Each structure stands twice: as C-alpha cells, then as structure tokens.
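Worksheet for the structure shown next.
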C-alpha cells in the first residue's frame, strides 16, 4: 500500500497562475482533508470531504477550491495564486469509524513569487 | 472553544536523556479524542497515538509513553532514553466527537525536539 500520495512534491508559481494539487489514497478512507502548514501557525484546515462528491470548508478556504470526484482522490485547486499561498500543503485521509486518526501524505512545497 | 496548547516551543536534550513534551487542551465536550503526531526533518507527518476521553490508562510503546490526565486536561508525551532519530516536531491534537460529519482536528503549534549526540 502506498498510503497517501501527493503530486507534485514541489512547485513554483508566479502570482496569478493556477494549479491543481492531487492527493490519492489507497486505504479506502471515506474522509479526506487538505491542510496548509506555515511557520508559527501550525496546521490549518483548508477544505475537507466526508465522501465522494461532497466537500466542505475548513478554517482557511479562501482562494482554494476542491473536488472529490472519486473516493480515492481529493484535488486542491488554486485559481489565481498569491504570495500568501506560499506554504507546505498536506493531504490526509481517515476512516469514518476511526475518529480522525488521520494519515498524511508527504506534503507539497509551493512557492508563489 | 476548543484549544490545544503546547507551551514548549523548542526542547534540546542530550542523547539518552528522558524528555517530556507537554500538551494541555480545552474542550467543553465530554467525549473527545487526543492525538500525537511526529514530523521528522524529512517533513512527513506520522501518526503516533490516539486516546479517547474515557480511557485514562497510561500507554507505553517501547520508549514512548503517554500520560493522560483528565483532571488537569493534559496529555503529555514522554520519550525515555532519547535518540538522535527522535529529533522532530511533535504535534498534539484534539478531536471533537460531537460534531457529526465535521470531524476536524484542533492542532497545537508543535514542540521542536532536538536530541544531540
């Protein structure tokens, strides 16, 4: 099992460009999450999904969109990147009966110049 | 409101020392889960333990042990005979069980542990 994988691992964008981060999990987890991690701010939840076809906003959803078309994939989109979105992005997944025992991907380091 | 506080921002110890990482939480809920995660220098987040609010029994896993005390709202993590490979940022987190599908983790800001040879 690969667990949770994220693509790409690194990316540099110019302000205004768009991109999509892909998260995939092979553990048949119902729940999936996108976080960003910034120095001094800890982990902040951007969006999450409790099942295929459903998404919900987290703490810091502005500037991001997500989609969960397949159970195993959770996409995070930046339509018009801003320097404030420079961060490390983590995807996670959890089984619905395991109360937020979340398993994380390796992270994507995004720099917006 | 729910909150997780890890008062120790950074800790530095010498190999083989014991070290305790503190975690204090706030919640109005009677049922909840507590977690510890490890983030080594390579950057990934590794799940270490989950504890539910009904089980105050301490847990030991090798050199790791966890002390859950509901009376003081604390869930402290002790590493015995620390090793250089224990160097990482450690996060404590809290989960509210009564939020229906809104299963979010409340994270502490982490404690950076440096174990020096």
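Scanning region A:55-80 for residues that are without any contact (Cβ under 8 Å) to a residue 12 or more places away in the chain and either within 17 Å of residue A:105 (Cα to Cα) or in contact with a helix residue (DSSP H, G or I) (Cβ under 6 Å, 6 or more places away or on another chain) (or both) gives no hits.
When residues in region A:1-54 are screened for being in contact with a helix residue (DSSP H, G or I) (Cβ under 7 Å, 6 or more places away or on another chain) and closer than 14 Å to residue A:104 by Cα, 0 of them pass. Mind checking whether some residue in region B:58-77 is within 10 Å of another protein chain (Cβ to nearest Cβ) and crowded, with 20+ Cβ neighbours inside 10 Å? No: region B:58-77 contains no residue that is within 10 Å of another protein chain (Cβ to nearest Cβ) and crowded, with 20+ Cβ neighbours inside 10 Å. The set of residues from region B:29-50 being touching a strand residue (DSSP E or B) at 6+ places or on another chain (Cβ under 6 Å) and more than 11 Å from chain A (Cβ to nearest Cβ) comprises B:29, B:36, B:40. Among the residues of region A:51-87, those identified as surrounded by 17 or more Cβ atoms within 10 Å (Cβ to Cβ) and assigned to a strand (DSSP E or B) are A:55, A:66, A:74, A:75, A:76, A:78, A:87. Within region A:19-47, if we keep just the residues that are at the interface with chain B (Cβ under 9 Å from one of its Cβ atoms) and in a strand (DSSP E or B), the residue that is surrounded by the most Cβ atoms within 10 Å (Cβ to Cβ) turns out to be A:35.
Can you confirm whether region A:101-111 contains a residue that is without any contact (Cβ under 8 Å) to a residue 12 or more places away in the chain and within 16 Å of residue B:91 (Cα to Cα)? Show your work before the answer.
Narrowing region A:101-111 to residues without any contact (Cβ under 8 Å) to a residue 12 or more places away in the chain: A:101.
Still in the running and within 16 Å of residue B:91 (Cα to Cα): A:101.
Yes, that holds for at least one residue.
The set of residues in region A:61-113 that are within 14 Å of chain B (Cβ to nearest Cβ), over 18 Å from residue A:44 (Cα atoms) and within 14 Å of the chain's Cα centre (by Cα) contains only A:68.
Annotation: residue B:6 fulfils all but one of (1) at pLDDT 90 or above; (2) over 12 Å from the mean Cα position of the chain (by Cα); (3) within 14 Å of another protein chain (Cβ to nearest Cβ); the unmet one is (2). Residue check: residue A:13 meets all listed conditions (1) over 25 Å from residue B:93 (Cα atoms); (2) loosely packed, with under 14 Cβ neighbours inside 10 Å; (3) touching a residue at least 40 places away in the same chain (Cβ under 8 Å) but one, namely (2).
The single condition from (1) over 13 Å from the mean Cα position of the chain (by Cα); (2) closer than 21 Å to residue A:100 by Cα; (3) in a strand (DSSP E or B) that residue A:12 fails is (2). Residue A:39 passes every criterion in (1) in contact with a strand residue (DSSP E or B) (Cβ under 9 Å, 6 or more places away or on another chain); (2) under 30 Å from residue B:8 (Cα atoms) apart from (1).
The values are calculated or read from the model by the stated rules, or taken from the named source; none is laboratory data. What you see is a predicted model, and the numbers here were worked out from it, not measured in a lab. Cβ coordinates were reconstructed from backbone atoms using ideal geometry, including for glycine residues, and neighbour counts include every protein chain displayed.
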